[in-house]
Structures are given as C-alpha cells and as structure tokens.
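The values are calculated or read from the model by the stated rules, or taken from the named source; none is laboratory data. Here the structure is a predicted model, which means the values were calculated and not measured. Cβ sites come from the backbone with ideal geometry, for glycine too, and all protein chains shown count toward neighbours. Each accessible area value is taken on the protein alone, full model and side chains, heavy atoms only, with ligands, DNA and RNA left out. Shrake-Rupley method; radii C 1.70, N 1.55, O 1.52, S 1.80 Å.
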Amino acid sequence: MKLVFAGTPEVAVPALDALIASGRHEVAAVVTRPDAPAGRGRRLVASPVAERAEEAGIEVLKPARPRDEDFLARLREIAPDCCPVVAYGALLPRTTLDVPARGWVNLHFSLLPAWRGAAPVQHAIMAGDEVTGASTFLIEEGLDSGPVYGVLTEEVRPTDTSGDLLTRLAFAGAGLLVATMDGIEDGTLHAVPQSADGVTLAPKITVEDAEVQWSAPALRVDRVVRGCTPAPGAWTLFRGERLKLIQATPVLDRADLAPGELSAAKNNVYVGTGSHAVELLWVQPQGKKPMRAADWARGVRIVHGELLGS
C-alpha cells in the first residue's frame, strides 16, 4: 500500500523505521507537528519523526492543523491507501479521516478499551497494572474508540518507569503496526469493535498530578514516581522549593516515620508515607543536575524531623 505516516515524538520513530524497512509498503510522506521551540535558546526544532523522514528522503508535511486546506489538498494528491499513526498529537477531523481509502490506523500503547487517551503508559504504571500492551485500531472521531485490528501484551516490571515501558512498547508495537498494514492489504485482517466494558481514560499527566502526596501508601508513592519518570517528573517541596524525585523504592520493614518526615543516614535517605517508608535514591534539586539522594542530603544538612511536601 501507499502510506502516509503520522507521528511526532521519538517513540514514533521505531514504527516509521519498521514501515520503511518492510519492503512491502511505500511510505510516500510523513505528517508531523510543526517545529517547536526547544532548549535554553528556544530555537525552533523539527520533531524526531520529521528528522528521521528527512534522513530517509521522505516528504514531510507539517500542518498547523490537520484540517488546513493546503494540507488536505496535498494529502489528496498523494492519495494514500492508508495512514498509520503513532503519537501524532492532534485530533483528526472527518474531512481528513475520509482521505485514505482504508482509513487512519493508530498504534496505541494500551490494551483497548483500557486507558484511552494521551498517557496510557503513565496511567497503567500509576494504577499498578501488572500487564499492559499495544493495540492497532481504525481511528474514528471518538477518543480511541475505533474497532481494533490487533493487540500485543507486555508485562509491567516492578521497577519500570513510564520511559522504560514506553520504549519496549514502541519497538514491539512497530512490528504490530507493520503486521496490521500487511493484513489490511491482503484482506486477512478485519477490525473488531471494542467492548463497552472496561473503558478507562488516560488524560495527559499534568505537573500538578505529579506532586507526591506523602499521606498516600508507599506503593502509591512508588507508582507515581515511576509513572511520572521521565515526564512530567514527580516532585515534592523541600524548604519551599521543588525537589524532583527520579527514583525511589518502598522499604517494607520501616514504618517509624510520619508522612513526609525525612531521615538521613550516611548512605540512605528515607521518607515516611501513609504506610511504611520509601528510600529516595535519585533526586534533582531545582536548578541543579540529578544526584544521588544521599549526596543531596549531605549538602542540605537535613534537620531532625524535617518534612517534605506542602
């Protein structure tokens, strides 16, 4: 089939690479979000998908909105059979959905109908899911509600951050997306409507959502830290300034600390929660680089009974 691939961040690049390497389908163009300011200089930078497409000599389309007439006119000129999508980052209106003969097919990083929305991997970790996966489905105008072509499952490991899990799903999902394109082309794959049961939503995780609540149980604190790493980054307050929490682990045999109470030894830093303590392993003070929590504690000279949190 002739394909137009839509995607934006680094997590979409493995799928683009897999489609290019498949040898069976032609990636005629790529659709991605417009260049965005990045870095301290806030200069405009192309998306990872745009950079990869340019390296491969593929035409790149960067509409401000996917309903723009210039973009729609070019898409109709290309006349794709199908448009595979991975983390494009914009809603597709009906006028755009109607262009490819076989529709737009999304690779979504959850087992639909669970975790429909922008942050399925983060929500799966924060909810304590033991298994998640990826799904390919035909995009409709509803939120991730279209019929499903294929799925794969992936274990959520006890120490997984959302970054770890998303990386594994991106590479495994790339194969699923290629297999879905193959099945659509040869007529062996047909989309099955999603169940009306088990629908959960996964809206974008905000900075406010990522604040650790020390009154919660230690397992919940651990899940929030892992689910919000690397983005937007779990955090708490220390002496009125934000302290980013990069890695922590529950300590099941210690329950002598009040919620948020700090206890620093030579090589360990513990914080009380609503159940047992957690040990802070890596933190990042405001305006500084990531560091071992024990080094941070020595530098700030924690006072006995001092608390984290608002």
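Could you list all residues from the range 4-36 that are farther than 13 Å from Val86 by Cα, of a type outside the set (S, T, N, Q) and over 20 Å from the mean Cα position of the chain (by Cα)?
Filtering the range 4-36 down to residues farther than 13 Å from Val86 by Cα leaves 20-29, 34-36.
Subsequent filtering for residues that are of a type outside the set (S, T, N, Q) retains 20-21, 23-29, 34-36.
Of everything in the range 4-36, those that are farther than 13 Å from Val86 by Cα, of a type outside the set (S, T, N, Q) and over 20 Å from the mean Cα position of the chain (by Cα) turn out to be Ile20, Ala21, Gly23, Arg24, His25, Glu26, Val27, Ala28, Ala29.
A search for C-beta distances below 6 Å between a residue of the range 119-133 that is within 15 Å of Cys228 (Cα to Cα) and any residue that is part of a loop (DSSP other than H, G, I, E, B) and basic (Lys, Arg), counting only pairs 6+ apart in sequence or on different chains, returns Ala119/Lys204. Within the range 212-232, at least one residue is touching a strand residue (DSSP E or B) at 6+ places or on another chain (Cβ under 8 Å) and either within 17 Å of Glu306 (Cβ to Cβ) or at pLDDT below 95 (or both).
Among the residues of the range 15-57, those that are open to solvent by less than 60 Å² (accessible area, probe 1.4 Å), in a helix (DSSP H, G or I), over 10 Å from Phe5 (Cα atoms) and touching a helix residue (DSSP H, G or I) at 6+ places or on another chain (Cβ under 6 Å) comprise Ala18, Pro48.
The residues of the range 110-134 that are aliphatic (A, V, I, L, M), in contact with a helix residue (DSSP H, G or I) (Cβ under 7 Å, 6 or more places away or on another chain) and open to solvent by 10 Å² or more (accessible area, probe 1.4 Å) amount to a single one, Met126. Taken across the range 219-238, residues that are open to solvent by 50 Å² or more (accessible area, probe 1.4 Å), among the hydrophobic types (A, V, I, L, M, F, W, C) and part of a helix (DSSP H, G or I) do occur, with at least one present.
Close contacts from the range 210-221, counting a first residue that is farther than 21 Å from Asp253 by Cα and a second that is surrounded by fewer than 17 Cβ atoms within 10 Å (Cβ to Cβ), with Cβ to Cβ under 7 Å and a gap of 6+ residues or different chains, come to Ala210/Gly233. Evaluation of His276 against the conditions (1) within 18 Å of Arg223 (Cα to Cα); (2) out of contact with any Lys or Arg (no Cβ under 7 Å at 6 or more places or on another chain); (3) open to solvent by 20 Å² or more (accessible area, probe 1.4 Å); (4) not aromatic (Phe, Trp, Tyr) shows that the sole unmet condition is (2). Checking Pro66 against (1) surrounded by fewer than 19 Cβ atoms within 10 Å (Cβ to Cβ); (2) not in a helix (DSSP H, G or I): exactly one of these is not met. Which one? For Pro66, the exception is condition (1). Among the residues in the range 135-153, are any buried (at least 16 other Cβ atoms within 10 Å of the Cβ), of a type in the set (D, E, K, R) and in a helix (DSSP H, G or I)? No: zero hits.
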